[in-house]
Amino acid sequence: MGVAVECETRDGVAFLALNRPEKLNAINGDVLGALYDAADRIGRDAGVKAVVLSGNGRAFSAGGDITAMEAMDDRGFADTISMYMRVAAAFRACPKPIIAAIHGFALAGGFELMLLCDVRIAAKGTLFGLPDTPLGLSPTSGMTYLLPRIVGLGRAMDLTLSGDNIDAEEAHRIGLVNRLTEPGGHLKEAERYARQLASYPAIGIVNTKRGFYDALDGTHGTATRLEEERELACFRDDEVKARFRAFINRKRGKG
């Protein structure tokens, strides 16, 4: 049996891939533990500037491992939900942008996992859905916080209560997905996007991600104060100064 999540770093980009293709990348304890460890490690790795999260095989993730869930007692289920929450916190705390490359299915726990990512790129033909409520379950992984902020309260309630699937085009129309690709193009586009981010000064990327999430939790006054502090920190950074000089010289025809 292989590792639950493959991890490879190339040229400043960390590539994470859910690796249970025979189970449509159903999420179990091994997957959650590997994702938590990877997010924590990547967050501390100065050589990584962006992350791509994908799924091997025919799907991003069809959800939680229902076979494993059926065998759980209350303690086991509580531990699993707690681990989902730890992954949610680790993704949020990771200073590097995490890009989800989605295909096939993003259902239930897989839907929640891609929601934890900062940018979502999906191939046409992907199905998205939350079958939890029809089964008598409720949202987890911080979805009640994130989903209405991404698609609005009404759509968030509808997607969650109905349990209906939507296709990639509808997901893009409502803002759940940021970018669409042709079938099979999701990973290539996510890598292109990640490499674009990796080419930027790290301080700007880090402060942008932190700034948006801090603003979600705070007031306008807090947001503007933190923006001022972080923009000054960016301006003082040596790489930023060098890029500014190069940009100005190009504009003046000197580069």
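The values are calculated or read from the model by the stated rules, or taken from the named source; none is laboratory data. Computed from a prediction, not measured in an experiment: that's the story for all the values here. Cβ: placed from backbone, ideal geometry, glycine included. Neighbour counts: every protein chain shown. Side chains included, ligands, DNA and RNA excluded: accessible areas come from the protein's heavy atoms. Shrake-Rupley method; radii C 1.70, N 1.55, O 1.52, S 1.80 Å.
Averaging over all projection directions, the Cα-based convex hull of region 1-110 occupies 6.7 nm² in the image plane. For Thr9, the residues whose amide H sits under 5 Å from its own are Phe15, ignoring neighbours fewer than 5 places away on the same chain, with H placed 1.01 Å from N. To the nearest Å, what is the center-to-center distance of region 135-198 and region 12-27, using C-alpha atoms only? Using only Cα atoms to place each centre, the spacing works out to 18 Å. Rolling a 1.4 Å probe over the protein heavy atoms of region 16-148, with every protein chain left in place, gives an accessible area that is 56 percent carbon and sulfur.
Quick one: which of Lys23/Lys188; Lys49/Lys188; Lys96/Lys188; Lys96/Lys124; Lys124/Lys188 span more than 21 angstrom between C-alpha atoms? Walk me through the numbers on the way to the answer.
Values: Lys23/Lys188 23 Å; Lys49/Lys188 17 Å; Lys96/Lys188 19 Å; Lys96/Lys124 26 Å; Lys124/Lys188 14 Å.
In this structure, Lys23/Lys188; Lys96/Lys124 exceed 21 Å between Cα atoms.
Near Thr126, the amide H atoms lying under 5 Å from its own belong to Gly104, Ala168; only residues 5 or more places off or on other chains count, and H is placed 1.01 Å from N. Here's the list of aspartates and glutamates a cross-link from Lys209 could span, going by alpha-carbon distance under 18 Å and ignoring same-chain residues fewer than 8 apart: Asp40, Asp45, Asp118, Asp217, Glu227, Glu228, Glu229, Glu231, Asp237.
Where does the chain land at 222 nm, in deg cm²/dmol rounded to the nearest 500, when only DSSP H runs of n ≥ 4 count, each adding -39500 (n - 2.57), divided by all residues?
Working: 11 runs with 133 residues, N = 255.
Mean residue ellipticity, 222 nm, calculated: -16000 deg cm²/dmol.
Over the chain, what is the mean sequence separation of C-alpha contacts under 8 Å (at least six apart), divided by residue count, expressed as relative contact order in percent?
Values: 432 pairs, mean separation 42.8, N = 255.
Dividing the mean separation by the residue count of the chain yields 17 percent.
Rounded to the nearest Hz, the phi-derived 3J(HN,Hα) couplings of region 10-18 under the Karplus curve 6.51 cos²θ - 1.76 cosθ + 1.60 (θ = phi - 60°) are 9, 6, x, 10, 8, 10, 10, 9, 4, where x marks glycine and proline. Among beta bridges from DSSP that stay inside region 89-172, the antiparallel ones total about 20%.
Largest mean-square fluctuation among Arg75, Arg173, Arg92, in a Gaussian network model of the chain whose springs join Cα atoms under 10 Å apart, belongs to Arg75.
Using the Kirkwood formula on the Cα atoms of the chain, what hydrodynamic radius do you get, in angstrom to one decimal?
On the way: mean 1/r = 0.0521 Å⁻¹.
It works out to 19.2 Å.
Put simply, the amide H of Leu116, placed in the peptide plane, has no neighbours under 5 Å, leaving out anything fewer than 5 places away on its chain. In this simple spin-label approximation, Ala242 and Asp217 carry label points 7 Å from Cα along the Cα→Cβ vector, and these lie 3.3 nm apart. Computed with a 1.4 Å probe over protein heavy atoms only, the accessible surface of region 17-84 comes to 49 Å² per residue. Phi angles across region 179-186 convert, under the Karplus curve 6.51 cos²θ - 1.76 cosθ + 1.60 with θ = phi - 60°, into 3J(HN,Hα) values of 9, 10, 10, 5, x, x, x, 5 Hz, Gly and Pro given as x.
Computed over neighbours whose Cβ is under 12 Å from that of Ser138, the net charge equals -2, Lys and Arg +1, Asp and Glu -1.
Enter the angle in degrees (range 0 to 90, nearest 10) between the Cα long axis of helix 153-162 and the first principal axis of the Cα atoms of the chain, meaning the one along which they spread out most. That helix lies at roughly 30 degrees to the long axis. Taking the longest Cα principal axis of the chain as reference, the axis of helix 220-236 is set at about 50 degrees.
Among DSSP beta bridges lying fully in the chain, give the percent that are antiparallel, nearest 5.
On the way: 8 of 29 bridges.
Counting DSSP beta bridges with both partners in the chain, the antiparallel share is about 30 percent.
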